[in-house]
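All remarks here apply to the structure that follows.
The values are calculated or read from the model by the stated rules, or taken from the named source; none is laboratory data. In this text the structure is predicted, and so the values were computed from the model without any measurement. Reconstructed Cβ throughout: ideal geometry from the backbone, glycine too, with neighbour counts over all protein chains shown.
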Amino acid sequence: MSTIYARIYKYRWQYGMILPAVVLLFLFNYVPMVGIVTAFKDFHIGLTLWNAPWIGFDNFWFLQDPQFLIVVRNTLYISVLKFLFGFPAPILLAILINEIGNGKFKRFVQSVSYLPHFFSWIVVAYILQSMLTIDGGLVNQLITDLGGGEPIFFLGSVEWFRPMAVASGLWKEIGWNSILYLAAITTIDPQLYEAAKMEGAGRWARIRHITYPGILPTISIVLILNVPGLINAGMDQIYPLMNAANQPVSDVLDTYMLRTGLQQGYFGMATAIGLISSIVSLGLVLLTNQMSRKINGEGLW
């Protein structure tokens with residue numbers, strides 16, 4: 001025990017620096033977990049968590065709702081597409097930016113790619129509506145001027161909603177997500193590139209045998225952290241773009257929870273959906289971490 005106290009005293013300033021973050025994590029992430037009991041109670045406005053009647057698993061009736069299966073399918077469809085395109089894209093962008101020789105142009109590309117991240121999804125939704133609307137939208141104007149036929153109602157199209165969601169998410173976050181990989185690339189010893197050049201290695205060979213192995217641990221960690229997001233299609237992005245016309249494909253778990261769980265007063269059901277989503281996310285984290293350790297020896301723990 002004295003060894004533990006001695007270690008704490010030795011690193012007291014470091015522990016002091018992370019203490020506020022630990023307190024905030026406890027207050028805003030662990031204390032609210034008490035509300036999980038709402039999933040097993042008949043809770044409504046006017047009651048508390050403690051005096052609401054216990055009803056067991058009755059709030060899990062949504063598992064038998066046919067609409068819930070459609071919502072799960074929509075969520076997985078959108079989130080898997082966003083993962084397949086959104087996960088490798090920042091890696092490729094970081095590698096391409098790293099290969100730019102002109103320093104000023106390199107910084108310009110970085111700044112331009114980061115900028116969309118600071119737009120809220122409300123602003124992005126407004127931009128999409130302005131560009132894709134039938135009346136005066138830039139995209140439909142180009143389609144008409146180039147002889148592409150009748151204007152397309154992108155915002156109300158079942159066929160175009162998913163590509164629009166994936167493309168807008170990629171445009172908004174690709175630059176910001178590449179920062180981590182660019183930081184990982186800077187830790188690679190420049191002498192490795194110089195030695196490879198002297199041995200006659202081309203640009204592709206240097207990327208394949210130096211850059212990629214150098215950022216592989218970072219890729220593994222980001223992969224582990226991103227896989228649980230497969231059950232989260234992105235409420236901030238989907239909700240502003242959702243309407244009655246595209247609802248068959250845009251209704252995801254978060255919007256279903258908001259509509260039936262909160263707007264209609266089924267607070268226990270909304271909590272039950274969140275509980276199941278959290279359990280599935282935890283399972284995905286554990287599974288992905290185990291697979292990553294077996295494949296390349298890298299993992300969160």
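If a residue must be surrounded by 13 or more Cβ atoms within 10 Å (Cβ to Cβ) and either more than 19 Å from ILE97 (Cβ to Cβ) or not β-branched (Val, Ile, Thr) (or both), how many such residues does region 175-194 contain? Counting residues in region 175-194 that are surrounded by 13 or more Cβ atoms within 10 Å (Cβ to Cβ) and either more than 19 Å from ILE97 (Cβ to Cβ) or not β-branched (Val, Ile, Thr) (or both) gives 10.
Whether any residue in region 107-125 is within 30 Å of ILE215 (Cα to Cα) and of a type in the set (Val, Ile, Thr) is what I want to check. There is at least one residue in region 107-125 that is within 30 Å of ILE215 (Cα to Cα) and of a type in the set (Val, Ile, Thr). Of the residues in region 235-258, not one is more than 27 Å from PHE68 (Cβ to Cβ), of a type in the set (Gly, Ala, Ser) and either surrounded by 15 or more Cβ atoms within 10 Å (Cβ to Cβ) or in contact with a strand residue (DSSP E or B) (Cβ under 9 Å, 6 or more places away or on another chain) (or both). Restricting attention to region 127-147, the residues that are in contact (Cβ under 8 Å) with a residue 12 or more places away in the chain and either of a type outside the set (S, T, N, Q) or not in a loop (DSSP other than H, G, I, E, B) (or both) add up to 7.
Has region 152-172 got at least one residue that is modelled with pLDDT of 85 or more, closer than 26 Å to LEU115 by Cβ and in contact with a Pro (Cβ under 8 Å, 6 or more places away or on another chain)? Looking through region 152-172, at least one residue is modelled with pLDDT of 85 or more, closer than 26 Å to LEU115 by Cβ and in contact with a Pro (Cβ under 8 Å, 6 or more places away or on another chain). Scan region 18-54 for residues that are assigned to a loop (DSSP other than H, G, I, E, B) and either touching a residue at least 12 places away in the same chain (Cβ under 8 Å) or among the polar types (S, T, N, Q) (or both) and jot them down. Across region 18-54, the qualifying residues are ASP42, PHE43, HIS44, THR48, LEU49, ASN51, ALA52, PRO53. Among helices (runs of 4 or more DSSP H) entirely within region 212-301, having at least 3 residues that are within 18 Å of the chain's Cα centre (by Cα) singles out 212-226, 235-241, 253-256, 267-296.
So that you can scan it fast, the table gives a plain yes or no per residue for (1) surrounded by 10 or more Cβ atoms within 10 Å (Cβ to Cβ); (2) closer than 22 Å to GLY229 by Cβ; (3) in contact with a His (Cβ under 7 Å, 6 or more places away or on another chain); (4) among the hydroxyl-bearing types (Ser, Thr, Tyr):
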site	(1), (2), (3), (4)
ILE8	yes, no, no, no
TYR30	no, yes, no, yes
MET33	yes, yes, no, no
GLY46	no, no, no, no
GLN64	no, no, no, no
LEU69	yes, yes, no, no
ARG73	yes, yes, no, no
TYR77	yes, yes, no, yes
GLY101	no, no, no, no
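Once region 1-35 is narrowed to residues that are more than 34 Å from the chain's Cα centre (by Cα) and aromatic (Phe, Trp, Tyr), the residue that is nearest to TRP50 (Cα to Cα) is TYR5.
Within region 74-106, the residues that satisfy the criterion of being in a helix (DSSP H, G or I), without any contact (Cβ under 8 Å) to a residue 40 or more places away in the chain and not aliphatic (A, V, I, L, M) are PRO88, GLY103, LYS104, PHE105, LYS106. Among residues belonging to region 107-141 that are loosely packed, with under 13 Cβ neighbours inside 10 Å and not hydrophobic (A, V, I, L, M, F, W, C), point out the one that is nearest to PHE161 (Cα to Cα). Result: SER130.
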